[in-house]
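A short write-up of the structure that comes next.
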Amino acid sequence: MSNIKLDITNAACFLEKGVIEAFEPEIKAAQKALENRTCPGNDFLGWLHLPSSITHEFVDEIEETAKTLRENCEAVVIAGIGGSYLGAKAVIDALGNSFSWLVNDKSSPTMLFAGNNIGEDYLYELTEYLKGKRFGVINISKSGTTTETALAFRLLKKQCEEQMGKDYARKVIVAITDEKKGAARTCADKEGYKSFIIPDNVGGRFSVLTPVGLLPVACAGFDIKALIDGAREMESACGMDVPFENNPAAQYAAVRNGLYRSGKKIEIMVNFQPKLHFMSEWWKQLYGESEGKDGKGIFPASCDFTTDLHSMGQWIQDGERSIFETVLSIEEPNKKLLFPNDEENLDGLNFLAGKRVDQVNKMAEVGTRLAHVDGGVPNIHISIPQLNEKYLGQLIYFFEIACGISGNVLGVNPFNQPGVEAYKKNMFALLDKPGYESESKAVKQRLNA
């Protein structure tokens, strides 16, 4: 059973009558191609029935490793980039305390992230913060040679060993990597690190429900069983046997492709809950890397409202009508805070006294959605009951299966990313990496021309 509510009314009204329904044969064919593994990129469909295939023994192993890190570490650093960190970051931020680094809750380690940039100041400040602290590292890399992650891991491994000794480091460094090959696998085997496998048939952006996402989430103290259960429920709710009109993933894929064909080239993922910022970042990678190829694809953008209403709001309301919005709502916050009365009422807000802050936020959301629709912006509305592991699991799988379907309807391979390599070749050439001599000469001549 799915607890996610999908409302496409204010998006479908921008399309001719019957357009959404007319997508049913394409959607069914796209989903059938996924199930039968006949679609482009069919070697990377291991995520499709992953939730229902995860065993209790596997979860127990993840939780046991997380327990070791939680008991021995003041901080745990997740080293990874793209799909190797965004899913975990999205779940941890959504469920955690917004001020966790200040609260300093001794029951859980501080969760930190590295290997997702090459910022020298960032890495220096991270290593300074970790001085004198007992910390562990979860190194997530299939190859072990991804520049950003390998650079960070080299720094962290050295610091961990120097601060706490090799024996201790061996206990608190975990590798999540390829089963047999690559630098990270070689290092893990040589040093004796606990390791988990990134399945060959699961691409990074679809890997939240593998050890890539599950171990960091468990280390942060959250219930991965509930996360998996939620994803399993959504897997069932979006199955091949579910009628088109009742399948939320099919409906989402249909309406966004209908809008794309009508000239709406940009999808803005909007939330009114700051805790969902990185859920939008994960969604952007999922859809951008899956659909943006062969000169095609909806451009995925995101906004945090009401914050960005004071910056991007003008463009969304009155700018070029090339956009549509998908608004992600949380029906009930986990905390309660009432708006206070003030005798002087200098700000004129006493009419809100006694109301929940969330009520004000909800009315801002409803008002914004109405205004944007009136301004010519199609609006898809997705809501979940509250922020917890189960509903986030549902949301993750919903977006994954809808992405696979949508990419097939678009006519691209949703599971490769050939364009990601272009910047790397230039970077390696400019850094004079061995083996790139001819590329180095060519790119330097180009820059000096």
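Some observations on this one:
- Of the two radii for region 101-259, the radius of gyration is 1.06 times the Kirkwood radius, both from the alpha carbons; that is the Rg over Rh value.
- Pairwise alpha-carbon distances in region 339-407 exceed 14 Å for 75% of all pairs.
- Accessible solvent surface per residue of region 39-113, calculated while the other protein chains remain in place, 1.4 angstrom probe, Å²: 45
- Positive contributions from Lys and Arg (+1) and negative ones from Asp and Glu (-1), summed over other residues with Cβ under 14 Å from the Cβ of Val255, come out at -4.
- Gyration tensor (Cα) of region 97-183, equivalent ellipsoid semi-axes in angstrom: 22, 16, 14
- As a fraction of the 1.4 Å probe accessible area of the chain, surface on carbon and sulfur atoms comes out at 53 percent.
- DSSP beta bridge pairing in the chain, given as percent antiparallel to the nearest 5: 10
- Cα pair count fraction exceeding 17 Å, expressed as % - region 1-131: 77
- Debye, to nearest 20: dipole size of the chain, +1 on Lys, Arg Cβ, -1 on Asp, Glu Cβ: 1160
- Convex hull volume per residue in cubic angstrom - Cα atoms of region 168-232: 91
- Distance between region 255-295 and region 159-228 - C-alpha centres, whole angstrom: 29
- Relative intensity, log₁₀ I(q)/I(0), of region 207-256 from a Debye sum that treats every alpha carbon as a point, q = 0.18, 0.30 Å⁻¹: -0.67, -1.02
- Region 302-449: Lys pairs at Cα distance under 12 angstrom, eight or more positions apart or on different chains: 4
- Relative compactness, region 254-302, computed as alpha-carbon Rg over 2.2 N^0.38 Å: 1.19
- Kirkwood-Stokes translational diffusion coefficient of the chain, alpha-carbon pairs, 37 °C, 0.692 mPa s, µm²/s: 140
- For Lys265, a cut-off of 23 angstrom between C-alpha atoms picks up these lysines, skipping any fewer than 8 places away in its own chain: Lys17, Lys284, Lys293, Lys296.
- Positive-end residue, the chain charge dipole about Cα centroid, Cβ charges, pick of Ser438, Gly204, Met269: Ser438
- Hits among aspartates and glutamates - C-alpha to C-alpha of Lys225 under 14 Å, sequence gap 8 or more where chains match: Glu57, Asp60, Glu61, Glu63, Glu64, Glu233, Glu389
- Hydrodynamic radius by Kirkwood, which averages 1/r over all alpha carbon pairs of region 273-377, in angstrom: 16.2
- Long-range tail of P(r) for region 348-449 (Cα pairs > 21 Å, %): 69
- Estimated 222 nm signal from helices in the chain, with DSSP H stretches of n ≥ 4 weighted -39500 (n - 2.57), rounded to 500: -15000 deg cm²/dmol
- Both radii were evaluated on the Cα set of region 328-378; the Rg over Rh quotient, with Rh as the Kirkwood radius, amounts to 1.10.
- The largest-to-smallest principal axis extents of the Cα set in region 165-278 are 59, 31, 31 Å.
The values are calculated or read from the model by the stated rules, or taken from the named source; none is laboratory data. Owing to the predicted nature of the structure, the values given are computational and were not obtained by experimental measurement. Because the Cβ atoms are built from the backbone with ideal geometry, glycine has one as well, and the counts that use them run over all protein chains shown. We work out accessible area using only protein heavy atoms, side chains counted, and drop any ligands, DNA or RNA first. Shrake-Rupley method; radii C 1.70, N 1.55, O 1.52, S 1.80 Å.
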